Amino acid sequence: MLRKPGSLSAVAAFVAALAAPAAHAEWGLNMTRGVTQISRDVYSLHMTIFWWCVAIAVFVFGWMVVSLVKFRKSKGAIPDTAMVHSTKAEIIWTVIPVVILVILAVPSARTLIQIDDSSKTQLSIKVTGFQWKWQYDYLDKGVSYFSTLKRDSDAARQMNSGIDVNGVDNYLLDVDNPLVVPVGTKVRVLITAQDVIHAWWVPAFAVKKDAIPGFVNEAWFEVDADKTGTYRGQCTELCGRDHGFMPIVVKAVSKEDFEAWLKAKQDEQKQASLPAPATAG
Ligand SMILES: [Cu+2]
């Protein structure tokens, strides 16, 4: 027996995971459905195209297998030398794929246009990638800060640290200062870098953009009004030694909570920029 024990159950689990949408999040086999309209559009596009591919594969391989079995040599099949060219067949196998491509191109183009439409944004944040951290700059709000891998993760990742990483919450996926955004608000992110190329990626928002020194790339997202929560991402452009240690954490909060947070942050940063009080003596 060549088959490894359990391989059948692995196949069954794989099929079950494909069939049950709820399993996707846990298994991470499929795309994230996300918490923005764009991310859901991207997901449904992905699924539509996936099922078209499945149908095409079933048809093409089905036809192939049937032909192989039905017209095999042992059954006395003789190669057809007369029909080496058929204009009719060529037209059919050209027109059908063209029609399928057009059917898929229309919703794809519509979504692409939406992804690029960063008009009427209500809040702009400049995101700058560094080796190996992120800087968030709330434009015209006077708030700017760095977001770095959280201390406990950083300590645990050190060679021979002796710390069990399983005991660290959100190991390598947590930061000291997360990006805070309001839900139900169209947020524009202007993405750039200071040293090498990084990429800012938050799967739940379907946002993934290169951060390139000297360039400003634009993206936007609007978290559903009822989807407050913490969303995580990572740098997705190999940017050097600590590429794996510059995660992204976005906290989506209610508009009121965001205003309160922004106010507190503005006061804190104003305070920090004041000259130090003269010491007595
Ligand atoms: Cu990076």
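The values are calculated or read from the model by the stated rules, or taken from the named source; none is laboratory data. Note that the coordinates shown come from a computational prediction; the quantities given were computed from them, not determined experimentally. When we count neighbours, we look across all protein chains shown, and the Cβ atoms used for this are built from the backbone with ideal geometry, even at glycine.
List of remarks:
- Search result, residues across the stretch 134-170 that are surrounded by fewer than 16 Cβ atoms within 10 Å (Cβ to Cβ), assigned to a loop (DSSP other than H, G, I, E, B) and either in contact with a helix residue (DSSP H, G or I) (Cβ under 9 Å, 6 or more places away or on another chain) or without any contact (Cβ under 8 Å) to a residue 24 or more places away in the chain (or both): ASP140, LYS141, GLY142, GLN158, MET159, ASN160, SER161, GLY162, ILE163, ASP164, ASP169, ASN170
- In the stretch 171-190, the residues that are away from the ligand (no atom under 16 Å from the Cβ), touching a residue at least 60 places away in the same chain (Cβ under 8 Å) and assigned to a loop (DSSP other than H, G, I, E, B): ASP174, PRO178, VAL183, GLY184, THR185, LYS186
- Filter result for VAL175 (under 20 Å from LYS265 (Cα atoms), touching a Pro at 6+ places or on another chain (Cβ under 9 Å) and surrounded by 14 or more Cβ atoms within 10 Å (Cβ to Cβ)): yes
- Restricting the stretch 191-206 to residues that are crowded, with 24+ Cβ neighbours inside 10 Å and either outside any strand (DSSP E or B) or in the same structural domain as SER39 (by TED's automatic domain parsing) (or both), the residue that is nearest to the ligand (Cβ to nearest atom) is PHE205.
- Extreme residue, farthest from the ligand (Cβ to nearest atom), among residues of the stretch 207-235 that are closer than 17 Å to LEU112 by Cα and charged (D, E, K, R): GLU222
- Residues that are within 22 Å of ASP41 (Cα to Cα) and loosely packed, with under 11 Cβ neighbours inside 10 Å within the stretch 90-100 comprise just one, VAL99.
- Positions within the stretch 207-246 being touching a Lys or Arg at 6+ places or on another chain (Cβ under 7 Å), over 21 Å from VAL183 (Cα atoms) and not in a helix (DSSP H, G or I), in sequence order: ASN217, THR236, MET246
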